[in-house]
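Visitor: One structure is given below, represented as structure tokens, and several questions about it will come after.
The values are calculated or read from the model by the stated rules, or taken from the named source; none is laboratory data. Here the structure is a predicted model, which means the values were calculated and not measured. Every residue, glycine as well, gets a Cβ built from its backbone with ideal geometry; the counts of neighbours run over all protein chains shown.
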Amino acid sequence: MNIIWWLIVGLLAGAIARLLVPGRDPMGVLGTLVLGLVGSLIGGFLGTLFESGNPSFSPAGLLGSIVGAIIALLIYRAAVSRRSFGGRSVRRGL
């Protein structure tokens, strides 16, 4: 049951992150789910940075998951735009 809950929270966090960050993202439900799960991991990691004592893995709350998903989405967009619009693409046929 825990895994199902993580999938639901990941899908919700990914969907909210995609709604909050303007622009188009050509990813489907699976991409949104992965985005939310990666965001949960990033949010959990950032949460442990603010905890005192021994940092350990703890599940992030929904807010931390959304913040992490926004960070992951911005990194994804930067990587895709760099790959798509790098100096090596050439227009043909004109």
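Visitor: If you take the residues in the stretch 17-33 that are part of a helix (DSSP H, G or I) and among the β-branched types (Val, Ile, Thr), which one is nearest to the chain's Cα centre (by Cα)? Quick ask: steps written out before the conclusion?
Guide: Start the filter on the stretch 17-33 by keeping residues that are part of a helix (DSSP H, G or I), which leaves 17-20, 29-33.
With the extra rule that they be among the β-branched types (Val, Ile, Thr), the set shrinks to 29, 32.
Numbers: Val29: 13, Thr32: 8 Å.
Here the answer is Thr32.
Visitor: Out of Gly14, Gly47, Gly36, Gly68, report the one residue that is at pLDDT below 80, part of a helix (DSSP H, G or I) and surrounded by 10 or more Cβ atoms within 10 Å (Cβ to Cβ). Walk me through how you get there before you give the answer.
Guide: Details: Gly14 fails: at pLDDT below 80; Gly36 fails: at pLDDT below 80; Gly68 fails: at pLDDT below 80.
Just one listed residue meets the conditions, Gly47.
Visitor: Could you grab me the full set of residues in the stretch 1-10 that are more than 11 Å from Leu62 (Cα to Cα) and either in a helix (DSSP H, G or I) or modelled with pLDDT of 90 or more (or both)?
Guide: We begin by selecting, within the stretch 1-10, every residue more than 11 Å from Leu62 (Cα to Cα); these are 1-5, 7.
Residues satisfying the conditions are Asn2, Ile3, Ile4, Trp5, Leu7.
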